[in-house]
Structure formats: structure tokens, C-alpha cells
Amino acid sequence: MNSFLVILAILSILLTAVGQLLLKIGANLTDVKEWIPKSLKPYLNRYTLSGFGILFVVTILSIYILGSMPLKFFFPFFISGNLIAIEILSLIILHESFTYRKIMGICIVISGILIFSL
């Protein structure tokens with residue numbers, strides 16, 4: 001496995017976390033253009049559309065990575081990295097709480113992923 005693929009995998013993890021945070025911000029946004037129907041406001045704002053765009057780029061990037069890296073290595077790295085990155089970014093950007101229960105839940109999920117991927 002070469003270092004370029006590892007860097008791309010880390011980039012895809014970070015982009016996934018940013019994309020998901022943008023989706024959450026966009027879903028909670030209330031001040032959107034007046035001409036957009038109320039039922040579509042969570043979907044048609046700059047944050048949500050940017051989040052969808054970033055996640056589309058992550059999809060293309062992941063396909064490229066999976067063409068060269070075995071799924072056995074990429075999947076646990078990607079899933080556990082996403083859990084950690086999303087939690088840290090939501091703590092910093094969204095000021096969400098980081099409780100002991102969340103830490104324990106993340107540890108249990110990551111250990112389960114690692115056990116089943118060995």
C-alpha cells in the first residue's frame with residue numbers, strides 16, 4: 001500500500017466529515033430565499049448543496065482508492081476515521097457536547113470494526 005493512497009484515504013475521511021457537517025448546518029438553516037418552498041428549504045441552500053457536492057467528490061475519490069487498496073484495509077480505516085473526525089469537528093464547529101457515553105460508544109464501534117476486519 002503506497003503512501004499516496006493513505007493520504008487520499010485521510011483526505012476522503014476529512015471531506016466526508018466536512019460534507020456531513022454542512023448537511024447538518026443546512027438542515028437546521030431557517031433563513032433561506034423566500035422563493036424556495038418551505039418543504040425544500042433544508043435541501044436547497046448553500047450549505048446542503050455544498051455538502052452534497054463534497055460527498056459526491058468523496059464518492060469518486062473512494063472509488064479510486066478502492067481500485068488500488070483492498071476493502072479489508074480501507075473500510076475499517078474509513079469508518080472509524082469518520083466517527084472520530086465527525087465527532088471532533090462537531091465539537092469544534094457546532095459546539096455539540098462530547099460526553100463520556102459518546103466516547104465509550106465510539107470506542108465500542110471502532111473496536112468492533114477492527115475485530116471483524118482482522
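A few notes on this one:
- Ranking of LEU94, LEU118, LEU83 by count of other Cβ atoms within 10 Å, fewest first: LEU118, LEU94, LEU83
- The chain: calculated mean residue ellipticity at 222 nm from DSSP helix runs of at least 4, using -39500 (n - 2.57): -26000 deg cm²/dmol
- Option label - Cα extents along the principal axes in Å computed here, alternatives [x] 43, 31, 27; [y] 52, 36, 21; [z] 70, 41, 22: [y]
- Cleavage-rule hits (trypsin sites (Lys or Arg not before Pro)) in region 1-101: DSSP loop, at most 10 neighbouring Cβ within 10 angstrom: LYS33
- Degrees, to the nearest 10: 46-68 long Cα axis against longest axis of the chain: 20
- Sites HIS95 and ILE10 - FRET efficiency at Förster radius 25 Å, r taken between beta-carbons, to 0.05: 0.50
- Fully extending the segment from SER68 to LEU49, taken as 0.36 nm per residue of separation minus the present Cα-Cα distance, adds 3.9 nm.
Where a number appears in this text, it was derived from the coordinates with a stated rule and is not lab data. Computed from a prediction, not measured in an experiment: that's the story for all the values here. Methodologically, a virtual Cβ is constructed for each residue, glycine included, from the backbone with ideal geometry; neighbour enumeration extends over all protein chains shown.
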